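Q: One structure is given below, represented as structure tokens, and several questions about it will come after.
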Amino acid sequence: MRWMKRGLIAFSALGLLLAGAVAVNHFIETSQTRNFYSGRKILSAMYEAARAAAEERRSSHGAAKSALMTLLPAGTPKASATSALSDESVTCERVRDAHGDLVCGVRNQPAAVHNWHIELRFDRDDKLADARVLILK
């Protein structure tokens with residue numbers, strides 16, 4: 001009987017330890033995410049829009065694109081768009097077979113933060129025409 005009580009206590013302690021580890025990990029990930037998005041107006045707006053859309057079972061990609069296009073509307077010059085994204089640690093590279101189009105993403109973000117894949121399409125005058133946003137986990 002004594003061994004059963006000790007086993008039950010040990011099993012309960014192990015369960016509490018595991019639950020504590022999960023809670024601490026969640027706290028760390030939430031803190032890293034909050035710290036990453038603070039001060040990043042565009043990425044933060046995209047993240048919040050995507051999160052709200054997911055809670056409502058709507059397209060998070062579409063919501064993130066809408067947030068991006070609100071802050072960088074169609075007609076924004078390429079230099080302004082890339083500068084605004086660069087200020088948020090987003091790097092852009094030119095797409096090979098497209099006229100001035102860019103593929104952008106965040107590098108070196110914490111593991112808890114989404115990987116953002118942003119495609120910017122520009123018209124012949126190097127003005128933003130459209131965008132596509134993918135959220136990769």
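The values are calculated or read from the model by the stated rules, or taken from the named source; none is laboratory data. Quick caveat, the model's predicted, so the values are computed rather than measured. Because the Cβ atoms are built from the backbone with ideal geometry, glycine has one as well, and the counts that use them run over all protein chains shown.
Q: Residues that are out of contact with any Gly (no Cβ under 6 Å at 6 or more places or on another chain), over 18 Å from Ala131 (Cα atoms) and part of a helix (DSSP H, G or I): does the stretch 55-77 have at least one?
A: yes
Q: Next up: Return yes when Ala131 is surrounded by 13 or more Cβ atoms within 10 Å (Cβ to Cβ) and of a type in the set (Gly, Ala, Ser) and no when it is not.
A: yes
Q: Answer yes or no as to whether Ser44 is within 17 Å of the chain's Cα centre (by Cα), surrounded by fewer than 13 Cβ atoms within 10 Å (Cβ to Cβ) and without any contact (Cβ under 8 Å) to a residue 12 or more places away in the chain. I'd like the intermediate steps shown before the answer.
A: On the way: within 17 Å of the chain's Cα centre (by Cα): yes; surrounded by fewer than 13 Cβ atoms within 10 Å (Cβ to Cβ): no; without any contact (Cβ under 8 Å) to a residue 12 or more places away in the chain: yes.
For Ser44, the condition - within 17 Å of the chain's Cα centre (by Cα), surrounded by fewer than 13 Cβ atoms within 10 Å (Cβ to Cβ) and without any contact (Cβ under 8 Å) to a residue 12 or more places away in the chain - is not met.
Q: Oh, and also: Consider Thr33 carefully, then state whether it is assigned to a helix (DSSP H, G or I), of a type outside the set (Lys, Arg) and either surrounded by 13 or more Cβ atoms within 10 Å (Cβ to Cβ) or in contact (Cβ under 8 Å) with a residue 40 or more places away in the chain (or both). Can you show your working first?
A: Details: assigned to a helix (DSSP H, G or I): yes; of a type outside the set (Lys, Arg): yes; either surrounded by 13 or more Cβ atoms within 10 Å (Cβ to Cβ) or in contact (Cβ under 8 Å) with a residue 40 or more places away in the chain (or both): yes.
It is true that Thr33 is assigned to a helix (DSSP H, G or I), of a type outside the set (Lys, Arg) and either surrounded by 13 or more Cβ atoms within 10 Å (Cβ to Cβ) or in contact (Cβ under 8 Å) with a residue 40 or more places away in the chain (or both).
Q: Being under 26 Å from Asn35 (Cβ atoms), part of a helix (DSSP H, G or I) and either hydrophobic (A, V, I, L, M, F, W, C) or in the same structural domain as Glu29 (by TED's automatic domain parsing) (or both) is the filter here; which residues of the stretch 79-126 pass it?
A: Within the stretch 79-126, Ala81, Ala84, Leu85 qualify.
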